[in-house]
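Report on one structure; see the data block that follows.
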Amino acid sequence: MNVMIVVTHLLGTGHLARALTLARAYKTSGHNVTIASGGMPAPQLDRGDVQILQLPPLRSDGVNFTVLLDDQGAPASDAMMGDRIAALLGQLTSQAPDVLITELFPFGRRILRAEFEALLQAAHNLPRRPLICASIRDILAPPSKPKKAVLADQLIDTFYDMVLVHSDRDVTPLELSWPVSETLAPKLHYTGFVAPPAPSPHPRGSGTNEVVVSAGGGDVGAHIFAAAVGAARQDPDRHWRILVGGADAAERGVVLARAAPPNVTVEPARPDFRQMLHHAAASVSMCGYNTALDILQTGCPAVFIPFDAGSEVEQGLRADALAKLPGIAVLRSADLSPDRLTQALLEVTQAVRRAPRQTGFNGARETVKLTARHREAME
């Protein structure tokens with residue numbers, strides 16, 4: 001099959017990471033795949049194994065997702081938005097995909113509705129229409145107004161064949177965060193969680209007995225890093241490693257390192273992060289979809305500080321569900337302090353260490369199978 005995946009990450013890089021995992025599963029199965037990525041470039045995620053069409057990049061204004069900025073921090077111009085649509089339609093025409101997948105839309109990214117609708121309408125007008133799927137994570141940002149759910153239903157009914165829910169229905173059914181209507185329910189297909197293959201232990205044992213602190217690949221997490229520096233001062237006999245994400249990771253890291261005690265290493269986010277978790281004393285992080293799966297796949301003790309700026313609730317719901325497992329604690333941003341972080345770390349490191357979870361992560365392979373089967377049925 002010929003597959004086109006369209007994704008725009010606006011703050012962190014989790015959406016792009018999940019899209020890349022899907023793309024690699026298609027490629028491993030012998031299919032041709034291209035990702036059209038509309039967020040800021042994330043070189044730490046690009047292994048060079050998946051074809052990526054980089055659209056003129058956008059990011060949000062912090063947690064204000066109603067304002068779009070270009071890569072220079074200026075408001076996105078109408079010309080730039082037009083260039084994005086032209087690039088998407090050009091890729092659609094030249095690739096003529098058998099399967100078209102939009103990541104998150106129409107359940108989110110409504111600010112990009114014009115470009116998604118242009119793409120979807122053009123896909124329906126192709127001589128050979130692709131199978132059209134929406135790809136969504138386990139927990140969505142609940143609609144703040146009923147009309148947002150109604151709009152999603154209308155777009156699904158008009159344009160989409162399937163909604164791929166990347167979770168386990170028995171663990172996190174979509175109803176936890178989104179109203180499932182009679183229109184939506186027949187198109188839902190649960191794939192299981194989408195994760196890359198479980199990481200092997202680090203060949204050099206990097207991260208051994210360390211507290212590894214991370215905040216994803218975006219320009220966020222300053223409050224977590226500040227609390228970690230304070231907690232590390234109270235824990236001088238253990239090494240702490242702070243991994244800073246985002247386009248300005250190097251600059252932010254320099255400032256943070258100046259304030260850190262000698263037992264703290266500050267460096268940009270690194271591609272072997274997942275392998276380090278096998279050896280770490282504990283992880284301190286937010287609770288995005290990909291990070292949560294990393295913790296489950298490695299069994300690493302974890303303190304989650306869910307991202308909750310701008311009334312975000314998705315990560316909090318996920319963290320609370322995971323906190324039922326041993327060796328996992330949750331601290332809300334409002335409660336975060338060096339003392340509270342130190343206490344939470346004591347709790348999770350003294351708990352019985354969980355074995356790495358080995359099942360339930362085949363969502364990418366299942367997505368390939370589901371879409372192949374439904375594409376064949378269209379012929």
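FYI, it's all coordinate maths here, none of it is from the lab. Keep in mind the model is a prediction, meaning the values are calculated, not measured. Glycine also receives a Cβ, built like all others from the backbone with ideal geometry; neighbour counts cover every protein chain displayed.
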Original post:
Any idea what angle helix 338-350 forms with the longest principal axis of the chain, computed on alpha-carbon atoms, 0 to 90 degrees, nearest 10?
Top reply: 90
Original post:
If amide H atoms are built 1.01 Å from N in the plane of the peptide, which residues on other chains or at least 5 residues away come under 5 Å of the amide H of A215?
Top reply: G245
Original post:
By the scheme Lys and Arg +1, Asp and Glu -1, what is the net charge of all other residues having a beta-carbon under 9 Å from that of G316?
Top reply: -2
Subject >> Rounded Å value of the spacing that divides the Cα centres of region 247-288 and region 54-83 >> reply: 28
Subject >> Integer Hz, Karplus 6.51/-1.76/1.60 couplings in order for region 85-93, x for Gly and Pro >> reply: 4, 4, 5, 5, 5, x, 5, 4, 5
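For D335 and T265, calculate 0.36 nm times their separation in residues minus their Cα-Cα distance, and state this gained length in nm to one decimal. Can you show the working numbers first?
Numbers: separation 70, 0.36 × 70 = 25.20 nm, distance 2.47 nm.
Once the chain is fully extended between D335 and T265, it gains 22.7 nm.
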Original post:
Residue-wise, which Karplus ³J(HN,Hα) couplings in Hz belong to region 111-125, taking 6.51 cos²θ - 1.76 cosθ + 1.60, θ = phi - 60°, and x for glycine or proline?
Top reply: 5, 9, 4, 4, 6, 5, 5, 4, 5, 5, 5, 5, 5, 5, 8
**OP:** Pull up the DSSP beta bridges for the chain and report the antiparallel fraction as a percent, rounded to 5.
**Re:** 10
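Over the chain, what is the relative contact order in whole percent, taking alpha-carbon pairs under 8 Å and six or more residues apart? Can you show the working numbers first?
Working: 748 pairs, mean separation 58.9, N = 379.
This gives 16 percent for the chain.
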Original post:
How many lysine pairs in the chain, separated by 8 or more positions in sequence or lying on different chains, have Cα atoms less than 26 Å apart?
Top reply: 6
**OP:** With a bin width of 10 angstrom, please list the P(r) values of region 1-146 as percents of all Cα-Cα pairs, from the 0 bin to the one holding the largest distance.
**Re:** 11, 43, 37, 9, 0
**OP:** For region 322-379 and region 164-208, write down the distance between their C-alpha centroids in whole Å.
**Re:** 9
Subject >> Segments 233-243, 128-138, 333-343 sorted - mean Cβ within 10 Å per residue, highest first >> reply: 128-138, 233-243, 333-343
Original post:
How far is helix 249-259 tilted, in degrees, relative to the longest principal axis of the Cα atoms in the chain, given as a value from 0 to 90 rounded to the nearest 10?
Top reply: 20
**OP:** Quick one: which residues, 5+ away or cross-chain, put their amide H under 5 Å from the amide H of D61? H built at 1.01 Å from N.
**Re:** V67, L69
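Could you calculate the FRET efficiency of Q358 with T183 from 1/(1 + (r/R0)^6), where r is the beta carbon distance between them and R0 is 35 Å, rounded to 0.05? Mind showing how you got there, number by number?
On the way: r = 37 Å, r/R0 = 1.04.
It comes to 0.45.
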**OP:** For region 305-318, take each phi angle, set θ = phi - 60°, evaluate the Karplus expression 6.51 cos²θ - 1.76 cosθ + 1.60, and give the result in whole Hz per residue in order, putting x for glycine and proline.
**Re:** 10, x, 5, 9, 5, x, 6, 5, 10, 4, 5, x, 4, 5
